[in-house]
1. Can you work out the Karplus-derived ³J(HN,Hα) for every residue in the range B:138-144? Use 6.51 cos²θ - 1.76 cosθ + 1.60 with θ = phi - 60°, whole Hz, and x for glycine or proline.
2. Could you give the size of the charge dipole of the range B:2-245 about its Cα centre, using +1 on the Cβ of each K and R and -1 on the Cβ of each D and E, expressed in debye and rounded to the nearest 20?
3. Can you tell me what the convex hull of the Cα atoms of the range B:196-244 projects to on average, as an area in nm²?
4. Once ligands and nucleic acids are excluded and a 1.4 Å probe is used, how much of A:Val254 is accessible, expressed in Å² to the nearest 10?
5. Which Cα, out of A:Thr268, A:Gln82, A:Cys253, lies furthest along the positive dipole direction of the protein assembly as shown (beta carbon charges, K/R +1, D/E -1)?
6. Take the Cα atoms of the range A:217-334, build their convex hull, and give its volume per residue in Å³.
7. Per residue of B:47-54, count partner chain C-beta atoms within 10 Å of its C-beta, then hand back the mean as an integer.
8. Probe radius 1.4 Å, ligands and nucleic acids left out: can you give me the accessible area buried at the A-B interface, summed over both chains, in Å² to the nearest hundred?
Amino acid sequence: MIDKNQQIIDKNLDQEYKYGFTTDVEQIKFEPGLNEEVIAKLSNIKNEPKWLLDWRLKAYENWQKMKEPKWANINYEPIDYQALSYYAAPKKKSKKSLDEVDPEILETYNKLGISLDEQKKLEGVAVDAVFDSVSVATTFKDELSKHGVIFCSFSEAVQEHPDLIKKYLGSVIPYTDNYFAALNSAVFSDGSFVYIPKNVKCPLELSTYFRINASNTGQFERTLIIADEGSEVSYLEGCTAPMRDENQLHAACVELIAHEDATIKYSTIQNWYSGNENGEGGIYNFVTKRGKCAGDRSKISWTQVETGSAITWKYPSVIMQGDDSVGEFYSVAITKNKQQADTGTKMIHMGKNTKSTIISKGISAGEGQNTYRGGVKILKNADNARNFSQCDSILIGDKCGAHTFPYIDVKNQTAQMEHEATTSNIGEDQLFYCNQRGINLDDAVSMIVNGFCKEVFEELPMEFAVEAKQLIEVTLENSVG
Amino acid sequence: MIDIKNLKVSVEEKEILKGINLEIPEGEVHAIMGRNGSGKSTLANTLAGNEKFEVTDGLIHMNGLDITEMSAENRSLNGIFVCFQYPVAIPGVSMAYFLRAAINAHLENQGKEEMDALEFLNQSKEILKKLNLDDSFLKRSINDGFSGGEKKKSEIFQLLSLNPKFAILDETDSGLDIDALKIVADGVKEFNGKKNSTLIITHYERLLEYINPDVVHIMIDGKIVKSGDMKLARQVEEKGYSWLAK
């Protein structure tokens, strides 16, 4: 049985990545290399105010003094930061209306199942489409603006809403935070910006779809979401990239700020190209995501389904500053072939009666390595803070690995902590039970894994939950025999 | 229907079944009684095609087709069903989702159209009612947090839903109170009324009193040592197994 499993797992390694095509579009692209001039040029193209250029340069100066972190449970060849291009954008400038967007790009998004045509809108979802270094289209802006909601590309926000940017940029993730955040701060090219005014429940799901197309480029986007007092927003993020032999760097920053009584729900389906069966190619995904529950009774919830990337290094975190604020992290991470994921969260309790929940589900197949790394910090003044953590792993086959590193730091004696962790092989008896009822192995595996991930999928908005289920079916096809 | 010839089976190199001969014609109910460890569950698992159980000799035929080497999935599609003694839990997978997938796999194999959700729901509700189970049973994760009785009823529910040609009940009566036992017995009788064949594996003759099998076999140490009718089952209940050994 084991041998047969292995053969079929090996067969699985030929699975195709259906988003691996490239788009042939005329582009402006910087020569490889990074220095102050490159940053100035980037800032100049974007017509940025001086304070922002200065901020970038300070970040760059800081980055140069920092060292790439080595503590994560991942292995990769050193990245040559001077060999990357830091800006790539489609040549046609096309932000005014969809009619002006390059048809090649519209077609790209259609192929990815993302319609930028408002007539054929995704039910109740407004989309910001980021293609390489720039946002190419944002839908439903007018409709949203009726409610006072600002949803636009980051570059546009810098022009139109400089005060908000100046106030909040780096307020949750300072450029001194970590190596990749510092790099991002220096060279970020675009991203999405959201502002939800007081007491507004955002009428549409907001969504950004990130697409890396150009070769030899890094993608450094920056997302900033501000939910003002009593407001509510649900935001979705999707990502894909072409199949290329070389590794590509993606180092994003996402900052969330929830004021008093505000709720932000942030969902990600990450399906960057993961590399081939020999571990060649694929995206290096080094992402810093952090939310601040600034006001009392605010809530930030991260849900992620991570199936792509050669390397995932990502810890969406919540700082619970306000009293009675809530932080949540729901994660499914799947690694197969030679994929490596080191992902988890940090929950920092500062306010009184703050409450956090962590549910992490890791699935490893092939030679995939899956690490959960989670920190829970309860500070001195966080009376009656509560945390519940549950980290479960499933192994499919005998060449993969699952690792769990929980860090707990409690400085207040009234804290209540609960931690549960399990690791199991996908049960042969479960598979046999399904087979005995006439259900084939592929269906049985996806059924069992979907069941395993149920608590997380339930947190996803409806259309994403369906996509996530299908993604798991495709990803794990032929992974057991 | 089922014809087993000189079946020898090992688990982890240890021989458990030591030459079983058993023929169950269409429409008949046979029972196998035996002590713990006599090889009864090994027989059930082997017939189901569990690969942990290695057939070292002998043949299994079903309606003339040699199924000795057939996969568990194909055996199921050919009409073999096992009510497991200890059915495994699959957390997060609802009974409705699971059972409908199973039914549709069978229909697809027969070249038929999928059963739509409404038809499935109506059929399920009817069967659940007979088993004195609530409709909410369909929403629960399979065997996850089920009581012993619920697990057994769940197996009978699946049996009646899939309506196979040949059912093996592995200790389906153990751990049931008298009401549940009657319900299970009625389920089995209903199943058997449809010209299907059944093999009941049990310790006790209790269930057999309700079902009245055509043939009763006694298994000791991996072999069938004696076959007879209900009288034999009652004798065993009264005197135990020792007088049958040797």
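The values are calculated or read from the model by the stated rules, or taken from the named source; none is laboratory data. None of these values were measured; they are calculated from a predicted model. Neighbour counts are summed over all protein chains in view; Cβ atoms, including those assigned to glycine, are modelled from backbone coordinates with ideal geometry. SASA here: full protein model, heavy atoms, side chains in, ligands and nucleic acids out. Shrake-Rupley method; radii C 1.70, N 1.55, O 1.52, S 1.80 Å.
1. Taking θ as phi minus 60°, the curve returns 5, 8, 6, 5, 4, 6, 7 Hz for the range B:138-144.
2. With Lys and Arg at +1 and Asp and Glu at -1, about 440 debye.
3. Spelled out: convex hull of the Cα atoms, projected over all directions, averaged, 3.5 nm².
4. 0
5. A:Cys253
6. 72
7. Mean partner-chain Cβ count within 10 Å for B:47-54: 3.
8. It comes to approximately 2100 Å² buried between A and B.
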